[in-house]
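I have placed the structure first, in the form of structure tokens, so that the comments after it can refer back to it.
The values are calculated or read from the model by the stated rules, or taken from the named source; none is laboratory data. Note that the structure is predicted; figures quoted are calculated from it, not measured. With ideal geometry, Cβ positions are generated from the backbone for all residues, glycine too; neighbour counts draw on all protein chains shown. The accessibility values were calculated without ligands, DNA or RNA, using every heavy atom of the protein model including side chains. Shrake-Rupley method; radii C 1.70, N 1.55, O 1.52, S 1.80 Å.
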Amino acid sequence: MTRHLTALQERSASLADLYGGFIRNRLIAIGLLAVGLACSLVLDVATGPSGLPVADILTGLLDRDALPRGQAVILWNIRLPYAVMAVLVGAALGLAGAEMQTVLNNPLASPFTLGVSAAATLGAALAMALEPDVPGLDETWLIPLSAFACAMAATLLIQTLAGRFGAGTDTVVLFGIAMLFAMNALLWLVQYVASTDALQQMVFWTMGSLARATWEKVAVVALVLAACVPLSMRSVWAMTALRGGDDHARSFGIPVERLRLRVLLRVSLLSAAAVAFVGTIGFIGLVGPHIARLTLGEDHRFYLPGSALAGALLLSLASIASKNLVPGLILPVGIVTSLVGIPLFMALILTQGRRP
Amino acid sequence: MSLSLENVSAGYAGRPVLSGLDLAEVPSGSIVALVGANGAGKSTLLRGIAGLGEAKGRIVLDGQDISELPPEMLVGRIGYLPQALPQGSSLIAYEAVMSAVRAARPDSPRAGGAAAIEQVFDTLGLRDLAMRRLRELSGGQRQMVGLAQVLVRKPRLLLLDEPTSALDLRWQLTVLETVRRMADAEGAICVIAIHDINLALRFCDRLVVLGGGGVLSSGPPATALDADVLRRAYGIEARVEACSRGFAIVLADHALSLDHHSP
């Protein structure tokens, strides 16, 4: 009887009203993700070898001088850039992963599918092995800049190849795989001839660590994110339509190849900026979009911000875990995201498999 | 609105499938059915007319060669339905239809007006599916949502590629009756690639039989088909008879050996 009444109510309500219910639920879900992220950010700042109570954090954020000098330095120079970097890198990887999965029509695609991460690692390894003396450039910027330059060079190479030979999903994925193998081979070559110290540094870099965060580096990632988000949001309808297949999208007048190339450029920029400063951090770009898809669907007006928020939340939680898993030791966050990401990813796949 | 083809060649991957194809002017409100064996070039021709495939020659819409029309004008006039919507999408049917309008006209926030979307769901009898995810729908239901994406934009020229291939009898009739109404009421021209030759005979105004890289026969449904055309087009022995309601129907007797015909 109740079901019958509900069916009658659904028939009498306009579709726009029924759809409005979906929109409300999605806005609530995005709000919850944002609140969760804010809580995680505060907890991340509060977590560390020396205690920093939440009340002190809030006081210190409003007025730096209200805290003792030592605590203020810990808050503003160490914990906050570290925690904010986790949020920004997570958001960049989540957003990049979501766009990548859409334009390649592949839920297993991630920002690293095109070999951008491998290229960044090669760039970082080259800087560590060669230690070039660049006048006017601080040593701490050399490695990220080299990583970024290599990642962008790889991106431009793929863009050129895809522009010339077609930007079909299969073609782009094959270029990406080829790039990945080529970059890995070059990386092994650099590692083979590198000194023991440089080799150790390279291995540590590939584990991914937020400990390299400074406000300047945070600002660069924030700028890249701020430049890319409006461009992503401008193409939400085109990308939503792309979920209906290339031919459908083309028939609506969407220049699919051009859209794909632009998105790939954006994804590469986001992931290169993220990887250059913190090293390789896996799974965020894969799992963040999956969480967003499960909770928000694939209307890209919600899916893209949701993926960015989910990615930010995941990396922020991983950052907290990296400081708590082994007492007295801060683990590289890349290890934690992979360790936590694998079971989470498997659980998501199995849950999805049981859905009707 | 009128459509004509003059010496059109169409193909894919640089390989011509059809060549030297002519289609005399199709007037407003007409349904043209493209029939023929697998690989005869029905889909290739539709993609060529839609501007999505390789096509040479003159495709004339309202007296203008479409290669001379700006892309945005072409998008506004032509609605193309490919063979299938993907099955893995988490989009809700309602927003799939909304995206079809918004993506085509992103500058107009009201382009995908709720009333137009509601109307297309009602017209096609899809109200119960509107809030379901595409991945939860059957192939036939996804095909109907794909058709809703095309119809909501109210195109003047509809190009439908096998719109009834995954549908049961009731939905096949729903689709073709809707298309017939659109053609009659709004003067739209509809070109349909279709395998069910009896449905084509019943609903179309002009039948075009493709085969051997060109047109085997073309004309009103009552005269375009005979046993010889069916033999050359499909490699079958068949009869064309009139049913009790006056429609021409094809009764297939048996397939000829493969020496006569290859799929």
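Rounded to the nearest 10 Å², what accessible area does B:THR223 have for a 1.4 Å probe in the complete protein model?
The accessible area of B:THR223 comes to roughly 100 Å².
How high is the FRET efficiency between B:GLU72 and B:THR123 when r is their beta carbon distance and R₀ equals 35 Å, given to the nearest 0.05?
For B:GLU72 and B:THR123, the calculated efficiency is 0.85.
Mind checking which helices in chain A clear 30 Å along their axis (Cα) and have mean Kyte-Doolittle hydropathy of 1.0 or more, DSSP H runs only?
A:15-46, A:80-103, A:139-165, A:169-193, A:256-278, A:333-354
At a probe size of 1.4 Å, how large is the accessible area of A:ARG258, to the nearest 10 Å²?
140 Å²
Would you list, by chain and number, the lysines whose Cα falls below 28 Å from the Cα of B:LYS154, excluding same-chain residues fewer than 8 positions away?
B:LYS42, B:LYS56
Ignoring ligands and nucleic acids, what accessible area does A:LEU350 show with a 1.4 Å probe (Å², nearest 10)?
For A:LEU350, solvent-accessible area is about 110 Å².
With the dipole of the protein assembly as shown worked out from charges on the C-beta (+1 for Lys and Arg, -1 for Asp and Glu) around the Cα centre, which of B:ALA200, A:SER251, A:ILE330 lies farthest toward the positive end?
Of B:ALA200, A:SER251, A:ILE330, it is A:ILE330.
When Lys and Arg each count +1 and Asp and Glu each count -1, what net charge do the other residues less than 14 Å away from B:SER138, Cβ to Cβ, add up to?
Value of the local net charge: +2.
From the protein chains alone at 1.4 Å, what is the descending order of accessible area for A:PHE277, A:PHE148, largest first?
Correct descending sequence by accessible area is A:PHE148, A:PHE277.
Among A:ALA66, A:VAL278, A:ALA16, which residue has its Cα positioned farthest towards the positive end of the charge dipole of the protein assembly as shown, with +1 placed on the Cβ of Lys and Arg, -1 on the Cβ of Asp and Glu, and the dipole taken about the Cα centre?
Highest projection toward the positive end goes to A:ALA66.
Å³ per residue of the Cα convex hull, for the protein assembly as shown?
205 Å³
Once every DSSP H run of n ≥ 4 in chain B is given -39500 (n - 2.57) and the sum is divided by its residues, what mean residue ellipticity at 222 nm do you get, rounded to the nearest 500 deg cm²/dmol?
-9500 deg cm²/dmol
Can you give the helix-only mean residue ellipticity at 222 nm for chain A, where every DSSP H stretch with n ≥ 4 adds -39500 (n - 2.57) and the sum goes over all residues, rounded to the nearest 500 deg cm²/dmol?
Calculated mean residue ellipticity at 222 nm is -26000 deg cm²/dmol.
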